[in-house]
Amino acid sequence: MFRKYMGILAAVVLTLALAACNGDNEAKDTDKNKDQATEEKADQNKDKKQAQKIEKIDENKVVATVNGEEIKGSEYNKMVTTITNQMHMSGKDPFAEGNEDKIKDQAINNLVDKALLLQEAKDKGYEATDEEIETELEQIKAQFGDDKKFEEALAKQNVTVEELKDQYKDVVVVDKFVKKEVGEQKVTEEEMKQFYEDFSKDAENAPKYDETKGQIKDYLKQQKTQQEVAKIIEKLKENADIKIEV
């Protein structure tokens, strides 16, 4: 459930973040570790080729409809790539036996959830202004250092600025919806201490509780928010007309 509602809306952003991390790592390579960097890059290229095999769906093919709204193969392909990248970053093998079907199912589920949330948010009048979208875009640009690196990252992901703006428009709309409809979740000291105990008992050189309590609180608040969002999605599914075509 971690970062679920943002994850399903920011597929392009997540893949761009991965590209940025790769770029930073390559920039920091010394002669001593160039061979290792080359090896890692080869592995990433291999993963990318395999991911393309998984996502091979015609861009114009309708993969699902949600209350009459069509979801196309182009969206599905991007979601498959994002999930594959996330699994790779977490140390999991996305191409292990049985994972291909899981990735496909998760991609469709994420896209359906995204459509339901956006439809509900828009039905309730939530909108994103041009200024809000530009602000989000500038924050992402800042992570790349300059416009050239940002544009290179976009090109690597085969994404245009307008497509990225559309992604952020969705993110802003749903974020407003969640903040208003779900509200800020409360976290008790007892919950934070219990989380810390569970985390630290198996961790080597774990930081002290006081050093991490702020992060723990943010994480638990986010976790509770995502649980509430999941409940909203499940409720929306009860009356939704959903057709899966793949």
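The values are calculated or read from the model by the stated rules, or taken from the named source; none is laboratory data. On a predicted model such as this, the values are computed, not experimentally measured, just so you know. Quick reminder, even Gly has a Cβ in these numbers, built from the backbone with ideal geometry, and neighbours come from all protein chains shown. Surface areas here come from the heavy atoms of the whole protein model, side chains and all, with no ligands, DNA or RNA. Shrake-Rupley method; radii C 1.70, N 1.55, O 1.52, S 1.80 Å.
Candidates in region 59-107 are the residues that are acidic (Asp, Glu) and farther than 20 Å from Glu163 by Cα; of these, the one that is nearest to the chain's Cα centre (by Cα) is Asp105. Residue pairs whose Cβ atoms lie under 8 Å apart, separated by 6 or more positions or on different chains, with the first residue in region 91-120 and modelled with pLDDT under 90 and among the β-branched types (Val, Ile, Thr) and the second assigned to a helix (DSSP H, G or I) and open to solvent by 30 Å² or more (accessible area, probe 1.4 Å), do not occur.
Of the set (1) modelled with pLDDT of 90 or more; (2) in contact with a helix residue (DSSP H, G or I) (Cβ under 9 Å, 6 or more places away or on another chain); (3) surrounded by fewer than 18 Cβ atoms within 10 Å (Cβ to Cβ), all apply to Asp123 but (2). The selection criterion, being in a helix (DSSP H, G or I), under 29 Å from Lys221 (Cα atoms) and not aliphatic (A, V, I, L, M), holds for Glu134.
Comparison of Gln139, Gln106 shows that the only residue that is of a type in the set (S, T, N, Q) and surrounded by fewer than 16 Cβ atoms within 10 Å (Cβ to Cβ) is Gln139. Among the residues here, Ile83 does not qualify as at pLDDT 85 or above, outside any helix (DSSP H, G or I) and closer than 27 Å to Ile244 by Cα. Only residues that are assigned to a loop (DSSP other than H, G, I, E, B), open to solvent by less than 30 Å² (accessible area, probe 1.4 Å) and in contact (Cβ under 8 Å) with a residue 60 or more places away in the chain were counted in region 155-214, giving 1.
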